[in-house]
Amino acid sequence: MMQPVDERTWDGVHQRLPAELRRWISITEVDDGAFFVDDLFRRKFGDAPPAMGQGHHVVAFVRSGEGSFAPIAYTLFTRIGEICLVGGMSTDGRAFAHLDEAARRAVAEAGGLAYFLLHYGFARFGAAAYFGHVGDARAREVDLRAGFRDTGHEHLMVYTPRPLADAHRAALIAQAHAIGPF
């Protein structure tokens with residue numbers, strides 16, 4: 001397992017959830033996202049989440065006062081060659097009830113859970129470029145803060161952890177665009 005360079009990052013670049021929030025919330029990859037987030041995903045998207053084995057399922061869990069854990073946020077990273085598609089981002093407003101007001105405020109002040117799920121994946125999955133298909137204004141705001149930029153194609157955004165030659169970047173964007181909405 002990758003050890004953080006310091007407590008604030010996963011790898012010296014990509015941000016970890018602030019230490020004070022790690023008392024209540026843990027972000028991790030799970031083998032079968034549907035097992036944990038079926039209800040959340042269906043409420044958000046009206047369909048079942050991707051099946052086990054279809055990418056990297058990243059879930060944030062919140063610890064309740066009784067010590068049980070509930071999924072509070074989810075996203076899927078699907079690697080295709082050099083690129084990684086990021087989709088299914090969702091948070092469960094009901095699960096925030098497990099946090100006291102100070103913790104809810106700390107999550108908001110830290111930038112929200114989606115930002116940290118993205119950074120978790122960026123630090124772990126080693127793609128040359130990450131793509132999001134973003135039509136929601138709030139999701140777009142989070143993606144911009146996380147490092148995504150517009151590609152020139154409607155709703156398609158890209159994050160490149162390292163600089164890429166213009167031709168290489170353009171080829172990766174064309175590859176993601178050809179996939180269509182994801």
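The values are calculated or read from the model by the stated rules, or taken from the named source; none is laboratory data. The model shown is predicted, which means the values in this text are computed figures rather than measured ones. Note: ideal-geometry Cβ built from the backbone for every residue, glycine included; neighbour counts use all protein chains shown.
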Please enumerate the residues belonging to the range 136-177 that are under 18 Å from the mean Cα position of the chain (by Cα), over 26 Å from V107 (Cβ atoms) and either modelled with pLDDT under 95 or not charged (D, E, K, R) (or both). H155, L156, V158, T160, A176
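Residue by residue through the range 75-95, note down the ones that are under 16 Å from G126 (Cα atoms) and more than 8 Å from the chain's Cα centre (by Cα).
We begin by selecting, within the range 75-95, every residue under 16 Å from G126 (Cα atoms); these are 76-86.
Residues satisfying the conditions are T78, R79, I80, G81, E82, I83, C84, L85.
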Which pairs turn up if I take residues in the range 149-161 that are in a strand (DSSP E or B) and look for partners that are of a type in the set (S, T, Y) with beta carbon separation below 8 Å, at least 6 apart in sequence or on another chain? R149/Y159; M157/T151; V158/Y130; V158/T151; Y159/Y130
Of all residues in the range 103-123, which are within 23 Å of T151 (Cα to Cα) and either touching a helix residue (DSSP H, G or I) at 6+ places or on another chain (Cβ under 9 Å) or not aromatic (F, W, Y) (or both)? A114, Y115, F116, L117, L118, H119, G121, F122, A123
In the range 23-81, which residues are surrounded by 21 or more Cβ atoms within 10 Å (Cβ to Cβ) and assigned to a helix (DSSP H, G or I)? G33, V37, L40, F41
Taking the range 24-42 and keeping only residues that are touching a residue at least 24 places away in the same chain (Cβ under 8 Å) and of a type outside the set (A, V, I, L, M, F, W, C), one is left with S26, T28, E29, D31, D32, G33
Going residue by residue through the range 134-141, is there one that turns out to be more than 19 Å from F77 (Cβ to Cβ), in contact with a Ser or Thr (Cβ under 8 Å, 6 or more places away or on another chain) and either without any contact (Cβ under 8 Å) to a residue 12 or more places away in the chain or surrounded by 15 or more Cβ atoms within 10 Å (Cβ to Cβ) (or both)? no
Members of the range 142-174 that are within 20 Å of L113 (Cα to Cα) and either in contact with a strand residue (DSSP E or B) (Cβ under 7 Å, 6 or more places away or on another chain) or surrounded by 18 or more Cβ atoms within 10 Å (Cβ to Cβ) (or both): V142, D143, A146, G147, F148, R149, M157, V158, Y159
Qualifying residues in the range 94-125 (those that are part of a loop (DSSP other than H, G, I, E, B) and modelled with pLDDT under 95) - the one farthest from C84 (Cα to Cα): D100
Within the group F36, F45, F41, which residue is modelled with pLDDT of 90 or more and over 23 Å from F131 (Cβ atoms)? F36
